[in-house]
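Single-structure report; data block below.
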Amino acid sequence: MRHRIDVVAPTTVRVVQFAGGWLFDRVMAGCDVTVHVADHADARALQILGARVVDLARTLAARGRVPVPHTLAVDGDLLSADERVRLLVREATSMSQTEVRLWGDACCPADLEREASAVCHRLSVAARAFKAHALVAADAPTELVDLTEAFRSRLPAVTDTRDPVLA
């Protein structure tokens, strides 16, 4: 079974800016990446990174009826603004096999903050190049391509040894 990553964000641009390089590197490592965004009309930027794109509203409506991912990555601003996303994250943190990653300026919820640690992903050369192309496709500034991307991460209590170690 391939490592499954679900990403939840308000916009394609925010995904590419904050997590695009990490996502590309995970796809290249053999992970299945699905991005759940509200602005899914133009999915080119996320497709450049190798991700599948689905409608966030549909995902939130189907909550509880979809398989639990190995990793759930969430835009911190959306987490702060949307109770449905907070519920999704709380459900994921109750699953001992799910890593939860947050990015952005918003504060980590108190219950997650106690268990979360800072994680920095160093982008491969290919990830930086593909992220730059994805930013152009999303009409975002390309000077946002840094060598690293930062997250707050709550690792699962039990690690499935069949899955790749993903930093």
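Every read-out reported here was derived from the displayed coordinates using simple, explicitly stated rules and does not represent laboratory data. Quick caveat, the model's predicted, so the values are computed rather than measured. Here the Cβ is made from the backbone with ideal geometry for all residues, glycine too, and neighbour counts use every protein chain on show.
Below is a table of values for the structure above.
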{"quantity": "Radius 12 Å from Cβ of Asp25, net charge of other residues (Lys, Arg +1; Asp, Glu -1)", "calculated": "+3"}
{"quantity": "Mean Cβ neighbour count within 10 Å, used as a protection proxy, ranking 70-77, 83-90 highest first", "calculated": "70-77, 83-90"}
{"quantity": "Additional length obtainable on full extension of the chain from Ala57 to Val136, 0.36 nm per residue less Cα span", "calculated": "25.9 nm"}
{"quantity": "Of every Cα-Cα pair in region 5-99, the percent that sits beyond 17 Å", "calculated": "45"}
{"quantity": "Part-to-part distance (alpha-carbon centres) for region 1-32 and region 42-64, which is given in Å", "calculated": "11"}
